[in-house]
Amino acid sequence: MHTTIEAGARADVLVRRRLLHAAILAPSGQWLVQPEADGPAHVLAGSANIVELTATIQHRIRSTRARTR
């Protein structure tokens, strides 16, 4: 099980690297994630979803880099 601390660290990296515009932990344990400044926010059920989102973004970055080589 993924902890809130781990999810927070991953969310922070995604925002700092500008892969997400914002990621905020709600008091309910849900995460509000906004991919782009102008775009809508999405609600993620919990910390495991942030970890899954991170994995999806990493996979997309790696597959894009592999295609450009």
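Annotations for the structure displayed:
- Compared with the dominant principal axis of the Cα atoms in the chain, helix 4-16 is inclined by about 50°.
- Expected 222 nm ellipticity per residue - DSSP helices of 4 or more, -39500 (n - 2.57), all of the chain, to 500: -17000 deg cm²/dmol
- For region 6-54: rounded, prolate or oblate by the Cα gyration tensor [a/c cutoff 1.5]: oblate
- Residues whose amide H lies under 5 Å from that of HIS42, counting only those 5 or more places away or on a different chain, are VAL33, GLN34; hydrogens are built 1.01 Å from N in the peptide plane.
- Cα long-axis angle, helix 47-68 against the chain (0 to 90 degrees, to the nearest 10): 10 degrees
All of the numbers you see were taken from the coordinates with simple rules; none came from a lab. This structure is a prediction, so every number in the text was calculated from the model and none was measured.
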